[in-house]
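Data block below; observations after.
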Amino acid sequence: QVQLVESGGGLVQPGGSLSLSCTASGSSFSSYFMAWYRQAPGKQRQLVASITRRGSTNYADSVKGRFTISRDNVKNTVYLQMNSLKPEDTAVYYCFANSPNFASWGQGTQVTVSS
């Protein structure tokens, strides 16, 4: 089973930036589909951004133009750069990875946007 370890969450003021990282175990990272999801209190988990093994990206409408997902296949890491953060971005952010053989979630990292 692939293990995912997230880092980079925290408290930031509205309009600020944060960068999340997710490092995966295993030797086939370059073949994984990777994504970031988030879950706010009382709400369902929703897709924020995804990146295919070929580097194609997809974003939720609510974060387009503000968030950027990227991956480093040498470091086995996927990133989420979050700019112009809003209070409604407050949530636990989860890393997700899958291939035909597995699907794994990270433990989540809290992002709080508040003044």
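The values are calculated or read from the model by the stated rules, or taken from the named source; none is laboratory data. Please read all numbers here as calculations on a predicted model, not as lab measurements. Positions of Cβ are generated from backbone atoms using ideal geometry, with glycine treated the same way; all protein chains shown enter the neighbour counts. What goes into the accessible areas is simple: the full protein's heavy atoms, side chains included, and nothing from ligands, DNA or RNA. Shrake-Rupley method; radii C 1.70, N 1.55, O 1.52, S 1.80 Å.
Residue-level analysis places Ser115 among those that are part of a loop (DSSP other than H, G, I, E, B) and either in contact with a strand residue (DSSP E or B) (Cβ under 8 Å, 6 or more places away or on another chain) or open to solvent by 60 Å² or more (accessible area, probe 1.4 Å) (or both).
Output yes when any residue across the stretch 91-107 is aromatic (Phe, Trp, Tyr) and open to solvent by 60 Å² or more (accessible area, probe 1.4 Å), and no when none is. Looking for residues that are aromatic (Phe, Trp, Tyr) and open to solvent by 60 Å² or more (accessible area, probe 1.4 Å), one finds at least one in the stretch 91-107, hence yes. Residues in the stretch 58-94 that are over 17 Å from Val111 (Cα atoms) and charged (D, E, K, R): Asp61, Lys64, Arg71, Asp72, Lys75.
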